[in-house]
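First comes the structure, then the notes that go with it.
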Amino acid sequence: MTAKAKKQQSKAPQQKTNFVMVTPELQQNNEAVMKAYTKIVQKATELLTKFEMRKYRTYVEVDHTKDPQNAHYVAEFVCHFWNITLSNSKEGKSYIFINYDADYIEKFGSNLTNQLLREAYRVTNSEDGTIGTEYALRVQFKDYDVHNYFFRLTFEGETDTISIRCVERPDAA
């Protein structure tokens, strides 16, 4: 083979794969991130019980694992106020993204979102000084049009991947 042919061969694009080597450490880490995501979503649904109007207590859950076309998203919780997303990077590491809707913060105040973020930071905080799952929480500090995404999901209705639910209010006694 000539030197020119070897040089061209070395420039050939390397094939990429969507497969990730899942190590026990990665699996354990992703399970911890999933638990944190679940706790954050539980807090979000708890916070929605404060509203009298049913429309503000309604939320959408998206199970992206049921979509074979999806490579990175795992789950989403979407309501008027927030979009909480669990996704995996190309390397297979899980992350939690929280987007908020500034219009609704302006309309209802920041207390609701502050409580959600406190819980998110609490459940991802490392108590023993290790990195833990702190890396996984990604709060998007920019306005995101969450309510229009929420409306689109609810308008499209329930599917194999989308569930629409409403939080019941505790009895006001």
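The values are calculated or read from the model by the stated rules, or taken from the named source; none is laboratory data. Note that the structure is predicted; figures quoted are calculated from it, not measured. Note: ideal-geometry Cβ built from the backbone for every residue, glycine included; neighbour counts use all protein chains shown. Calculation scope for accessible area: heavy atoms of the full protein, side chains included, ligands and nucleic acids excluded. Shrake-Rupley method; radii C 1.70, N 1.55, O 1.52, S 1.80 Å.
Could you list, in sequence order, the residues of segment 96-110 that are β-branched (Val, Ile, Thr) and in contact with a Lys or Arg (Cβ under 8 Å, 6 or more places away or on another chain)? Across segment 96-110, the qualifying residues are ILE96, ILE98. Looking at segment 42-142, the helices (runs of 4 or more DSSP H) lying wholly inside it that each contain 1 or more residues that are touching a helix residue (DSSP H, G or I) at 6+ places or on another chain (Cβ under 9 Å), among the polar types (S, T, N, Q) and at pLDDT below 95 sit at 111-124.
From TYR104, TYR144, TYR121, grab the single residue that is open to solvent by 80 Å² or more (accessible area, probe 1.4 Å), in contact (Cβ under 8 Å) with a residue 24 or more places away in the chain and of a type in the set (Phe, Trp, Tyr). Working first, answer last.
Working: TYR104 fails: open to solvent by 80 Å² or more (accessible area, probe 1.4 Å); TYR121 fails: in contact (Cβ under 8 Å) with a residue 24 or more places away in the chain.
On inspection, the qualifying residue turns out to be TYR144.
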